[in-house]
Amino acid sequence: MGITRQDTAINTARMRKDSWNVCFALAVGNDDILDVALADRRDYAQMAAEIMSYIDTDKDRLLYEPLMQLTDSKPIWDYLLSDHDYREHDGELEVLAESLDKLREYGNGLYRGCGRGKLTPFFSNQKAEALLQRAVDAGLLNEDFMPAEGTHAFQLKLIAIAFNKILGYGVRDKWCHFEELWGCELNRRQIPFSKGKAIYEIVQLYPETDLMSLIMPKKTQSRLKTDLTRNQAKMLFLLLKRFGYLEKSASEEDFLSIMGLLDFPYSPVNWVSKGKNSLVYLVMVLFKPLNSDIHKKVCDCFTYNGKSLNYGTLKTQGSYVMKHRDKFDFVDTIDGIIAKVRDENQ
């Protein structure tokens with residue numbers, strides 16, 4: 001029996017999951033995680049060939065557009081070309097990287113061939129296209145998704161800010177893909193608040209973002225003083241998210257900003273692990289030595305399951321947790337995360 005549509009979708013999902021896990025393992029430099037990521041010993045070359053073979057007979061955008069969004073193979077190639085000691089999986093990694101490149105190129109080719117090549121591949125998905133279409137309908141972009149005559153650069157920046165919030169784009173994707181699409185620099189573009197009507201036009205297009213709160217000048221925000229480097233803080237963010245302490249949609253930009261490692265206004269980072277004690281322990285061990293007002297700063301920088309933290313309760317819990325740390329299962333896990341982060345090259 002030949003490969004089916006369902007097989008194709010499942011294999012694409014497996015490629016996406018495996019490649020994400022591999023890149024995570026390479027990012028944190030953990031050989032054990034890499035072993036787990038490749039434990040199924042899949043034949044990625046055959047999977048890729050079967051995926052493309054089936055889609056040749058059923059060129060449905062629901063099948064080929066996910067190929068365009070597969071994990072970028074660059075971290076894998078960088079690892080293979082680096083001077084690393086753990087060589088057990090090099091052959092599998094090379095096949096995986098080649099397969100990802102073939103599938104992404106194949107998906108991009110079908111996308112362009114169907115007359116939908118007006119967008120760069122990063123935006124070639126239904127959610128992004130639907131959000132851009134709002135600006136087309138409002139006359140801010142033309143039918144090719146390019147700036148219409150009379151659209152100001154600061155309005156394009158506002159559209160990009162709305163995208164970042166709705167789709168959860170991270171720091172590395174914040175401006176570069178929009179600048180590639182529109183051919184103009186956005187990062188340093190100032191938003192003139194005297195242009196209220198033009199700003200409000202964008203606010204109305206993306207009401208789910210509360211755009212005004214994102215762009216209005218913020219009062220001075222608390223920052224947690226830290227001795228972590230930016231790379232160490234990035235690893236901490238990845239590991240906390242990986243172990244389920246931070247919500248899946250948590251922003252790396254917000255996380256780095258609460259420590260003053262990025263100079264951006266931030267939204268509080270949401271802690272979702274059961275019980276606030278794990279958050280209390282993390283901040284007391286990692287940040288208390290450099291922050292005399294640690295409890296106030298934590299209330300500003302974090303929420304717990306979407307709700308604000310109480311200063312008095314947090315202070316009481318901090319004292320209790322540190323005196324009775326042997327009672328909590330999370331202590332060993334968080335200590336291990338901190339040790340891993342501390343070992344990261346500065």
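Remarks
- Largest-first principal axis extents, alpha carbons of region 215-274, Å: 34, 23, 16
- Environment charge at residue 313 (Cβ cut-off 12 Å; Lys +1, Arg +1, Asp -1, Glu -1): +3
- Neighbour net charge for residue 341 - beta-carbon separation under 14 angstrom, K R +1, D E -1: +2
- Scattering curve values for region 1-117, log₁₀ I(q)/I(0), Debye with Cα scatterers, q = 0.18 Å⁻¹: -0.88
- Choice from 86, 281, 106 with maximal GNM fluctuation in the chain (Cα, 10 Å cutoff): 86
- 3J(HN,Hα) along region 16-21, derived from phi through the Karplus expression 6.51 cos²θ - 1.76 cosθ + 1.60 where θ = phi - 60°, amounts to 5, 5, 4, 5, 5, 5 Hz, with x in place of Gly and Pro.
- Sequence-distant residues sharing a close amide H with residue 195 (under 5 Å, placed H): none
- Extension gain, residue 143 to residue 179, is 11.2 nm, computed as 0.36 nm per intervening residue step minus the present C-alpha separation.
- Net length available on complete extension from residue 36 to residue 220 is 61.9 nm, with 0.36 nm assigned per residue and the Cα-Cα distance removed.
- The stretch between residue 43 and residue 311 holds 91.1 nm of extra length on full extension. This uses 0.36 nm per residue minus the Cα-Cα distance.
- Taking amide H atoms as placed 1.01 Å from N in the peptide plane, the amide H of residue 303 lies under 5 Å from those of 269, 270, 271, each 5 or more residues away in sequence or on another chain.
- FRET efficiency for residue 3 and residue 326, using Cβ-Cβ distance with R0 set to 51 Å, rounded to 0.05: 0.40
- Residue 57/residue 13 FRET efficiency (R0 25 Å; Cβ-Cβ; nearest 0.05): 0.80
- Taking each DSSP H run with n ≥ 4 as -39500 (n - 2.57) and averaging over every residue of the chain yields -17500 deg cm²/dmol at 222 nm.
- 15 Å cut-off, amide nitrogen to a point 7 angstrom out along residue 296 Cα→Cβ, residues in region 256-281: none
- Of [x] 22.9, 77; [y] 28.4, 92; [z] 22.9, 67, the label for Rg and Dmax of the Cα atoms in Å derived from the coordinates: [z]
Values in this text are rule-based calculations from the coordinates and carry no lab data. In this text the structure is predicted, and so the values were computed from the model without any measurement. Heads up, the Cβs are rebuilt from the backbone with ideal geometry, glycines too, and the neighbour counts pull from every protein chain shown.
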